[in-house]
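Quick note: the coordinates plus some simple rules give every number you see, no bench work behind them. Being a predicted model, the structure only gives us computed values, none of them experimental. Neighbour counts run over all protein chains shown; Cβ positions are idealised from the backbone, glycine included.
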Amino acid sequence: MPIAAGYVGVSFSFGIAAAKFGISPIDACIMSLTNMTSAGQFAAITLIYSGTTYLELILTQFIINLRYALMSLSLSQKLAPHTGTLTRLLIAYANTDEIFAVAVSRDRPVTGSYMAGLEIPPIIGWSVGALLGAIADSILPLSVRSALGISLYAMFVAIVLPPVKKHHAIGIVSLFAIALSCSIAYIPVFKGLSSGFSIIFCTIVGSAFGAIFFPIPDPNEEDSL
Amino acid sequence: MIYTYIICMCLTTYLIRMLPLVIFQKKIENRFLNSFLYYVPYACLSAMTLPSIFSSTSSVISAVAALAVAVILSWRQKSLFTVAASACITVFVVELVL
């Protein structure tokens, strides 16, 4: 539920942005419903507005969303063993940053029905938010939209920090990834890199750093993640 | 045509998410890979939060204040909702004062 509420806020601003780039409320809603990717959609509306080629759009989506491949790979290890292919096909569709984060922070393997309960409210929130945002364009004052913008990041903090108490290596990996992402963002040499690529890079290097210096002791321990 | 664009991005995004989930149905035994995947969510969420959080609100000051509130509450094991709502309220109040 908090994810769904957070999504309404973000997709609302997506709807507003889409409206500014000449995309109708219905199309903004369809785009949200079929894609479920904030960064990808924000990039797409600017590209579509500039009359991009299909190949360019596909490549951009591929790079920005490549992190989901890592998340799906990670989630595949978290699913209950008997989870069937059809269920996996459905789960994959809404494996977003936040849903993934909540699923993996659960202390036992996750089932198809758990994932359905986790995914359906945010899907509705994400689609409806875009629709409302595009229709309303700007009924909310800037101060409220600004305040809603922080909610997803606050949730990320709430997901990453508590496990650090039990396993300090997570904190080190986290700080390492932050140092990388800040370097990429603020050192001029890396200016050309997209934020999607930066996240992939930080995730891979940060996780590999953790795996090399702090390998988890027992393969079964990841079940108690 | 807008719908062709939407279909292109939709298929790309879905395939990226779907293939790893369907291909890797068995538990991975390799220790390095297991450790790597164990750290993926934390590295990924950390990299997504900082420094992007600073530009998620109207002013850097309100974002820093909300980040501090989120860190303190998370450290005290408050729920996702409490942390998110407190951060939002912090931003709202700080921007009101500024």
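Computed values, structure above
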| read-out | value |
| --- | --- |
| Between the range B:28-86 and the range A:31-50, the Cα center-to-center distance that results, in Å | 24 |
| On Cα atoms only, tilt of A:151-166 relative to the major axis of chain A in degrees | 0 |
| Estimated inter-spin distance, B:Phe32 and A:Ile135, nm [label 7 Å along Cα→Cβ] | 5.4 |
| Set of lysines near A:Lys166 by C-alpha distance (under 17 Å), chain-local residues within fewer than 8 positions excluded | B:Lys78 |
| Peptide-level mean, for B:22-31, of C-beta atoms on other protein chains within 10 Å | 5 |
| MRE, 222 nm, helices only [DSSP H, n ≥ 4, -39500 (n - 2.57), over chain B, to nearest 500] | -26000 deg cm²/dmol |
| Gained length - A:Phe21 relative to A:Ser113, 0.36 nm times residue gap less alpha-carbon distance | 29.3 nm |
| Partner chain coverage, peptide A:23-29 - average Cβ within 10 angstrom | 1 |
| Within chain A, helix-based [θ] at 222 nm, where runs of 4 or more DSSP H residues each add -39,500 (n - 2.57), nearest 500 | -24500 deg cm²/dmol |
| Amide H partners (placed H, <5 Å) of A:Leu79, local residues excluded | A:Val110 |
| Dipole moment magnitude, nearest 20 debye, chain A about Cα centre, only Lys, Arg, Asp, Glu C-beta charged | 220 |
| Rg/Rg_globular for the range A:2-160, with Rg_globular taken as 2.2 N^0.38 Å and Rg from C-alpha atoms | 1.07 |
| Diffusion constant of the range B:17-95 at 10 °C, which comes from Stokes-Einstein with the Kirkwood Cα-pair radius and 1.306 mPa s, µm²/s | 106 |
| Those lysines that a straight Cα-Cα span of less than 27 Å connects to A:Lys20, excepting residues fewer than 8 apart in one chain | A:Lys191 |
| Approximate spin-label separation A:Ile124-A:Ile187, in nm, with each point projected 7 Å along Cα-to-Cβ | 4.7 |
| The range B:64-77 - phi-based ³J(HN,Hα) in whole Hz, Karplus 6.51/-1.76/1.60, Gly and Pro as x | 5, 4, 5, 4, 4, 4, 4, 5, 5, 5, 5, 4, 8, 6 |
| For the protein assembly as shown, the fraction of alpha-carbon pairs in successive 20 Å shells from zero, as % | 33, 61, 6 |
| Whole-Å distance, taken between Cα centres, linking the range A:1-28 and the range A:75-118 | 25 |
| Number of partner chain Cβ atoms within 10 Å, mean per residue of A:30-36 | 4 |
